[in-house]
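Report on the following structure.
The values are calculated or read from the model by the stated rules, or taken from the named source; none is laboratory data. Nothing here was measured: the structure is a model prediction, and the numbers come from that model. Cβ: placed from backbone, ideal geometry, glycine included. Neighbour counts: every protein chain shown. Areas reflect the complete protein model, heavy atoms only, side chains present, ligands, DNA and RNA absent. Shrake-Rupley method; radii C 1.70, N 1.55, O 1.52, S 1.80 Å.
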Amino acid sequence: MSLDELIELPNVTRRLDVIRANDQSFFTFAPTRYCRIRTLSPLHLEKAVEFYEIVLHVGGALKSEPHFEGAKELLTVQQGKVRVRSAEEAVELGTGDSAHYPADVVHAIENIGQGDAVLFLVVTYL
C-alpha cells in the first residue's frame, strides 16, 4: 500500500486539523447584520472548549441566554471598545483588555466604540 492510499483511507484520523481563513463553513452569521462570528475550533469534535473570532460592527451586540451550568467565557479585545455584561455585572473593555465571566447566566457583549470591535472568545464547559 502506498502512502497516498493510506492517507485516503476514510477511517484514518489526522492529528492536525486546519481551519483556513477563507473556509466559509466556519462563519456563522448572527441574526443581525451587526455581528459576524467565525468558529476557530473544529466543528466535528465533541469538546469542552470552543474558540471564536467575533466582529461587532458599530452598534452591534451579541446577546446570549445562559449556557450549560458551569460555563465560562474568556474574552479578549483585539480592536475597539466593548461592554461585557454577565447577569447584573457590567464592565467596559478596550483594545488589549480581557475579561473572564460566568456564561451560565444571561450575558452580552456590546460594541460601544466608534468602529468595528474585533474579539476573541473562548467558551469553556466544565
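Listed values, structure above:
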| quantity | calculated |
| --- | --- |
| Near pairs, Cβ below 6 angstrom, 6+ apart or cross-chain, from the stretch 67-79 (within 10 Å of Tyr101 (Cα to Cα)) to any residue that is open to solvent by less than 50 Å² (accessible area, probe 1.4 Å) and not in a strand (DSSP E or B) | Ala71/Ala103; Lys72/Ala103; Glu73/Ala103 |
| Residue count, the stretch 77-126 (criterion: under 14 Å from His67 (Cβ atoms) and of a type in the set (D, E, K, R)) | 1 |
| Conditions (1) at positive phi; (2) modelled with pLDDT of 95 or more: number failed by Lys72 | (1) |
| Per-region count, the stretch 66-103, residues closer than 17 Å to Thr124 by Cβ and either open to solvent by 70 Å² or more (accessible area, probe 1.4 Å) or assigned to a loop (DSSP other than H, G, I, E, B) (or both) | 10 |
